[in-house]
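Reviewing the structure listed below.
The values are calculated or read from the model by the stated rules, or taken from the named source; none is laboratory data. Keep in mind that what you see is a predicted model, and the values were worked out from it rather than measured. Cβ placement follows ideal geometry from the backbone for every residue including glycine, while neighbour counts extend to all protein chains displayed.
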Amino acid sequence: MIHALQGRVTRAEALAALRVDFTRAEIDSPALDARLLLCAAGGFGGADLVRDPDAALDAAALERMDVMARRRTLGREPVSRILGRRGFWSLSLAISPAVLDPRPETETLIEAVLAMIGSRRDEHWRILDLGAGSGAILCALLVELPNASGLALDRSETAARIARANLARCGFANRSSVVVGSWSDSLAGRFDLIVSNPPYVRGDALESLPAEVRDHDPRLALDGGEDGLDAYRAIARALPALAAPAAFFALEVGAGQAAAVTAMFREAGAGRLATRKDIYGVERVIHGALVGAASPIISATPLGEREKRS
């Protein structure tokens, strides 16, 4: 265990000890988690670790590292929650216990939107992010759409504060607003692009989630009701009143839900419906438009936007 290290401890020795602890605890990414937590505890970057692995850690850094390691192994707390930040798209966003930890799968939604929009990125898109949580989706879209503005809505006042802070930190305070409400409640106006990563876990499946999710993501952001589809029903009902003519929408869905959600939105009058797979091959996003939308929905084949940006 980290706390058992004695005497002068180098960065390399501490890293090796963390990897062992995390591997024994069956952490999914022991090497990555060890590096991130060691750098955070020691107050240095990854390049510093590579450049000077034999530098000694002081007692305070070792203590911080031990506390972080216990949170990761015993509490199964994700590294992002320990650090209070999550990398998403090209951004570093603050998170808290009040918001869902944004994950790489959700970047699929950003890719789907950019594929739908195509060459129209410079237009004045009015974006609505339903159940915005940390504001990750809206922040990423405002990065990619320079003339867009957005409204983020969430049921949690605390989540709304986090989203507002992230939007401001990213430089989007003048292009966005955040309101507290339940789906379409408290909203007026029409939007060109409606996006959401709503709660979609079936109520009877919540306890079987990995501890990193079950014990650390807010239930409000996970629980999709008896069949996991309650939020989609609410959004489908609200869509006609919220969508401007020729509006697009894109929604994240859980594994195995794409067909049911697609049928639901087809019945609600949406057209040009398609799905998009995430990096793991799961149908993760459904997207579409109002019937008669001006621009076509592009094929759901992944474009690999992340690979293009790397």
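Below, the figures for the structure above:
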item	result
Conditions (1) part of a loop (DSSP other than H, G, I, E, B); (2) free of Cβ contacts under 8 Å to residues at least 24 places away in the same chain; number of the one not met by ALA31	(1)
Pick from segment 197-216, criterion out of contact with any helix residue (DSSP H, G or I) (no Cβ under 6 Å at 6 or more places or on another chain) and surrounded by 20 or more Cβ atoms within 10 Å (Cβ to Cβ), ranking: farthest from ALA289 (Cα to Cα)	VAL201
Qualifying residue in segment 184-193 (condition: farther than 23 Å from LEU142 by Cα and either surrounded by 21 or more Cβ atoms within 10 Å (Cβ to Cβ) or in contact with a Gly (Cβ under 6 Å, 6 or more places away or on another chain) (or both))	no
Residues of segment 166-183 that turn out to be surrounded by fewer than 18 Cβ atoms within 10 Å (Cβ to Cβ) and either of a type in the set (Gly, Ala, Ser) or assigned to a loop (DSSP other than H, G, I, E, B) (or both), as a count	6
Pairs with Cβ under 6 Å, 6+ apart, first in segment 100-111 and in a loop (DSSP other than H, G, I, E, B), second of a type in the set (Phe, Trp, Tyr)	PRO102/PHE88
Filter pass, ALA163 being among the small types (Gly, Ala, Ser), within 15 Å of the chain's Cα centre (by Cα) and either part of a helix (DSSP H, G or I) or not assigned by TED's automatic domain parsing to the domain that holds SER96 (or both)	yes
Whichever residue in segment 85-99 is over 10 Å from the mean Cα position of the chain (by Cα) and without any contact (Cβ under 8 Å) to a residue 40 or more places away in the chain and, among such residues, is surrounded by the most Cβ atoms within 10 Å (Cβ to Cβ)	ARG85
PHE172 being at pLDDT 95 or above and of a type in the set (Phe, Trp, Tyr)	yes
Cβ-Cβ under 6 Å pairs, at least 6 apart or on other chains, segment 168-183 side within 17 Å of ASP154 (Cα to Cα) and in contact (Cβ under 8 Å) with a residue 12 or more places away in the chain, far side in a helix (DSSP H, G or I) and charged (D, E, K, R)	VAL178/ARG164; VAL180/GLU157
Meets criteria (within 24 Å of HIS216 (Cα to Cα), within 23 Å of the chain's Cα centre (by Cα), of a type outside the set (Phe, Trp, Tyr) and surrounded by 15 or more Cβ atoms within 10 Å (Cβ to Cβ)) for LEU18	no
Conditions (1) crowded, with 22+ Cβ neighbours inside 10 Å; (2) assigned to a loop (DSSP other than H, G, I, E, B); number of the one not met by ILE137	(2)
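To keep it simple, each residue is scored yes or no on (1) surrounded by 14 or more Cβ atoms within 10 Å (Cβ to Cβ); (2) touching a residue at least 12 places away in the same chain (Cβ under 8 Å); (3) assigned to a helix (DSSP H, G or I).
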residue	(1), (2), (3)
VAL195	yes, yes, no
GLU226	no, yes, no
TYR232	yes, yes, yes
ALA246	no, yes, no
